[in-house]
Structures are given as structure tokens and as C-alpha cells.
1. Hey, among the residues in the stretch 103-131 that are assigned to a loop (DSSP other than H, G, I, E, B) and touching a helix residue (DSSP H, G or I) at 6+ places or on another chain (Cβ under 7 Å), which one's farthest from Val42 (Cα to Cα)?
2. Return the residues of the stretch 30-49 that are in contact with a His (Cβ under 8 Å, 6 or more places away or on another chain) and part of a loop (DSSP other than H, G, I, E, B); say none if nothing qualifies.
3. Looking at the stretch 133-194, what strands (runs of 3 or more DSSP E) fall wholly within it and have at least 2 residues that are surrounded by 13 or more Cβ atoms within 10 Å (Cβ to Cβ) and free of Cβ contacts under 8 Å to residues at least 24 places away in the same chain?
4. Can you say whether Arg39 is closer than 14 Å to Arg55 by Cα and open to solvent by 50 Å² or more (accessible area, probe 1.4 Å), as far as the supplied structure shows?
5. Taking Glu92 and the conditions (1) closer than 18 Å to Gly154 by Cα; (2) modelled with pLDDT under 95; (3) in contact with a Pro (Cβ under 9 Å, 6 or more places away or on another chain); (4) part of a loop (DSSP other than H, G, I, E, B), which numbered condition does it fall short on, given that it satisfies the others?
6. Do you know which of the residues in the stretch 195-204 that are of a type outside the set (Val, Ile, Thr) and not in a loop (DSSP other than H, G, I, E, B) is nearest to Ala128 (Cα to Cα)?
7. Can you work out which of the residues in the stretch 3-29 that are in a loop (DSSP other than H, G, I, E, B) and not polar (S, T, N, Q) is most open to solvent (accessible area, probe 1.4 Å)?
8. Exactly one condition in (1) crowded, with 20+ Cβ neighbours inside 10 Å; (2) under 21 Å from Ser132 (Cβ atoms) is false for Leu62; which is it?
Amino acid sequence: AIHDVSPATWPECRELVAMLDDAGAAPISLLVIPHYHYRALVLRDRAFVQALDARLARGDELVLHGYFHVDDAPPPRTPHAWFARRMLTRSEGEFAALDQHAAAWRIASGVEMFRILGWPPGGCVPPAWLMSAGAVGALAYGEHGFESVTIRGGIFPLPEWRFERTANLWYSPGTALRRAISMSAIRAELRRAQTTPLLRISLHPQDV
């Protein structure tokens, strides 16, 4: 899976796509952000849309990955919330603290963009794999057509919401501390991969 796919990040994502193509790793899940950081609107970038149309025609999957990919909810109040929303992600866990109304609007707006472009909304991956109770409610009761919701530790097939544990390799290369945390996480996930049926590899533009 390639996360954070947007007109703003497409040069890096295109390198990851080429690497995966060379490795024969098909199909790929491309996690699309409709309006990345309020500054890169997919519907206004014809070249980007055509590039994703071509990937869809090759058999790749397009997945909704939030709407703005920015956590602009009130700041975290507990150490656990701070670690999840500020350390594991750089204030990009968009659905981490939204109420149901706000989450439902963003999900519906993303689904509408997919509809306009003729893209099937195969699934939803919340940014940074974080979901508030409100976001869960919006996904559980909204009319979106998703087949699944994916979080850091596994997948919820819909509409059953029956959690399926997976292993998940991801890497955060930004600082020495982030690299140390992600290397520790990778070791743990490789151990988990010995006993789970599915291993996910989650790539981000900065991994290039």
C-alpha cells in the first residue's frame, strides 16, 4: 500500500510505484487524499487523475485516505493521545479526534469525489490509522460503499466489523527518534508475521 497519494506527493509516490512495478508487486493499493493539507485538490489536477485512471486500469486499488490529512481537532490532553497524534504522526491523524458529524462530512465528500471521477471506493484507511469513536460511528452508519476499513493492526471487513489481525511493516525516517521507534515496531511486526495470514507493507512518500 502506498499512503498519502496526492498531486502534491505524486513525484515521490510515482517513484514508489515504479519500484513496486519493477518488483512485480501487483496490484497496489493507492491511498488517495482528495484535498491534501487544504492545498492540493485532486479534482483540479487532470494529469494526476489520468495517472490514477491508468493505475486503476492496470488493476490497482484506489482507497480513500481521509480528506485533508490534517489533524485540526483540539490538541490532545493525555500522554497516550499526545504520543498517538504527535509522535506516531506529525499532526496528520485527521480522524483521531473528530466527532461523528465532522467525520461523516469528510468521508461523504471523499466518496463524492470518487463518484465524480468514476473510481470505485474499495476501502477506507484513516490517516495515521487513527479513528475516534465519532469516526467509527460515521463509517458504521454512513452510506459509502466501502468494503473494508484498515487500521495499523489489521482490517475490519464491512459491514460485519469483524476485526482481522495482520502484520504491518511501516517506517518513519524523519528523525533519529522516529527511526528508532519504527525499527522497534518492524521487529515486533515481523514476529507477528510468523503467526498471522497477511503481511501488509505500508509505504509513504517520505520513504523514497
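The values are calculated or read from the model by the stated rules, or taken from the named source; none is laboratory data. Because the structure is a prediction, the values reported are computed rather than measured. As a convention, Cβ positions derive from the backbone with ideal geometry for all residues, glycine included, and neighbour counts pool all protein chains shown. Note: accessible area is taken over every heavy atom of the protein model, side chains too, but ligands, DNA and RNA are not part of it. Shrake-Rupley method; radii C 1.70, N 1.55, O 1.52, S 1.80 Å.
1. Start the filter on the stretch 103-131 by keeping residues that are assigned to a loop (DSSP other than H, G, I, E, B), which leaves 118-123, 125-126, 130-131.
Next cut, touching a helix residue (DSSP H, G or I) at 6+ places or on another chain (Cβ under 7 Å) only: 119, 121, 126, 130.
Working: Trp119: 12, Pro121: 15, Pro126: 18, Leu130: 23 Å.
For the stretch 103-131, the residue satisfying everything is Leu130.
2. Kept after step one, since they are in contact with a His (Cβ under 8 Å, 6 or more places away or on another chain), are these residues of the stretch 30-49: 31-33, 36-37, 41-42.
Hits for the stretch 30-49 are Ile33, His37.
3. Working: elements: 148-151, 154-157, 167-169.
Of the strands (runs of 3 or more DSSP E) lying wholly inside the stretch 133-194, those with at least 2 residues that are surrounded by 13 or more Cβ atoms within 10 Å (Cβ to Cβ) and free of Cβ contacts under 8 Å to residues at least 24 places away in the same chain span 154-157.
4. Working: closer than 14 Å to Arg55 by Cα: no; open to solvent by 50 Å² or more (accessible area, probe 1.4 Å): yes.
No, not satisfied.
5. The one condition Glu92 does not meet is (1).
6. As a first pass, look at the stretch 195-204 and keep what is of a type outside the set (Val, Ile, Thr): 197-200, 202-204.
Within this subset, residues satisfying the condition of being not in a loop (DSSP other than H, G, I, E, B) are 199-200, 203.
Details: Leu199: 18, Arg200: 15, Leu203: 12 Å.
Only one residue tops the list, namely Leu203.
7. Filtering the stretch 3-29 for residues in a loop (DSSP other than H, G, I, E, B) gives 6-9, 24-28.
Next cut, not polar (S, T, N, Q) only: 7-8, 24-28.
Numbers: Pro7: 29, Ala8: 40, Gly24: 60, Ala25: 42, Ala26: 79, Pro27: 98, Ile28: 8 Å².
Top of the filtered list is Pro27.
8. Only one criterion in (1) crowded, with 20+ Cβ neighbours inside 10 Å; (2) under 21 Å from Ser132 (Cβ atoms) is unmet by Leu62, namely (2).
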